[in-house]
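Before any comments, here is the structure.
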Amino acid sequence: MTTTRQDTTARVLRELEDGQASVRLRAALAAGTTPDPRFVDTLVERCATEPEFFVRDTLTWALTRHPVSSTLPALLRELHWEHAQARSQALHTLSKIGDRRAWPAITRPLLTDADDEVARAAWRAAVVLVPEGEESALAEVLVTQLGRGERETQLSLSRALVALGDAMVPALQPATTAPDPGVRAHALATRRLLNDPETGFEFAIEEAKRVVALGSTGREG
């Protein structure tokens, strides 16, 4: 490595830790434009703590520009860290890289993580990385999360299930008659999205809630 390249690498590494978001963004762009194995650990570490969305997204992009042989081990280590952003951003990056060697690391504890951002990132990564033939088993885990969280979290789960296609139908079906009205409505809305992709989630979930409410009223009457 020439002295000039060494100086550039040192500057990028230093600027990735700068107090100004604009400087960190510029450094992340530089790290992706001219990949260097020395960047990987710092890029991964910054993903875990970076407060600005656009900088985090650029850090992920920069990691995708590096060889998987360098990035995969570092990202997999992050999945075991207690800091939620470390786990969620590592999962997000793994979904962008798309290397199925990461699949064994997408465990049930991550798919059911108590932190919504981690769980959502795990769902997105799972449907990208799931090997052929494993879709039904993945769906069985995902349907246990129906009814969870606010609307954005529910939309993420529905999208993940719909991405699995018909393979998720056997797992979803029992949830459409679940005792919990929130689970039942979410399952019905997800089934509607599978059958009619043009339907918006807002419409689907509100329609499903009406169906559930009418059904409950009918049984009670």
Query raised in the report: In degrees, nearest 10, range 0 to 90: what is the angle between the Cα axis of helix 116-129 and the longest Cα principal axis of the chain?
Result: 90
**Report entry** (i) 128; (ii) 168; (iii) 160, with the label sought being that of the calculated volume of the Cα convex hull per residue in Å³
**Finding:** (i)
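Treating only the Cβ of Lys, Arg, Asp and Glu as charged (+1, +1, -1, -1), what charge dipole size does region 70-219 show about its Cα centre? Round to the nearest 20 debye. Don't skip to the answer; put the middle values down first.
Details: 17 positive and 20 negative charges, 25 e Å.
Here region 70-219 has a charge dipole of around 120 debye.
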Query - Using alpha-carbon coordinates, inclination of helix 84-97 to the longest axis of the chain, degrees - result: 90
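Pulled fully out, how much extra length does the chain show between Asp196 and Arg159, if you take 0.36 nm times their separation in residues and subtract their Cα-Cα distance?
Values: separation 37, 0.36 × 37 = 13.32 nm, distance 1.26 nm.
Contour length minus the Cα-Cα distance gives 12.1 nm.
Defining a contact as two alpha carbons under 8 Å apart and six or more residues distant in sequence, what relative contact order in percent does the chain show?
Numbers: 282 pairs, mean separation 24.5, N = 221.
It comes to 11 percent, rounded to a whole number.
As a check on your grasp of the helix formula, calculate [θ] at 222 nm for the chain: sum -39500 (n - 2.57) over DSSP H runs of n ≥ 4, divide by the residue count, round to the nearest 500. List each step's numbers first, then the result.
Details: 13 runs with 151 residues, N = 221.
It comes out at -21000 deg cm²/dmol, rounded to the nearest 500.
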Report summary line: If one compares the long axis through the Cα atoms of helix 53-64 with the longest principal axis of the Cα atoms of the chain, the angle in degrees, nearest 10, works out at 70
Query raised in the report: Scanning the chain for GluC sites (Glu not before Pro) in DSSP loops with at most 10 other Cβ atoms within 10 Å, what's the longest stretch left with none?
Result: 1-81
Query raised in the report: Under unit Cβ charges (Lys, Arg +1; Asp, Glu -1), what dipole magnitude, rounded to 20 debye, does region 7-129 have relative to its Cα centre?
Result: 420
Report summary line: With a ≥ b ≥ c from the Cα gyration tensor eigenvalues, square-rooted, and the rule rounded for a/c under 1.5, otherwise prolate when a/b > b/c and oblate otherwise, region 66-169 is oblate
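Rule-based calculations on the coordinates, nothing more; no lab input. Quantities reported herein were computed from a predicted structural model and do not represent experimental measurements. Counting neighbours? That spans all protein chains shown, and the Cβs are built from the backbone with ideal geometry, glycine included.
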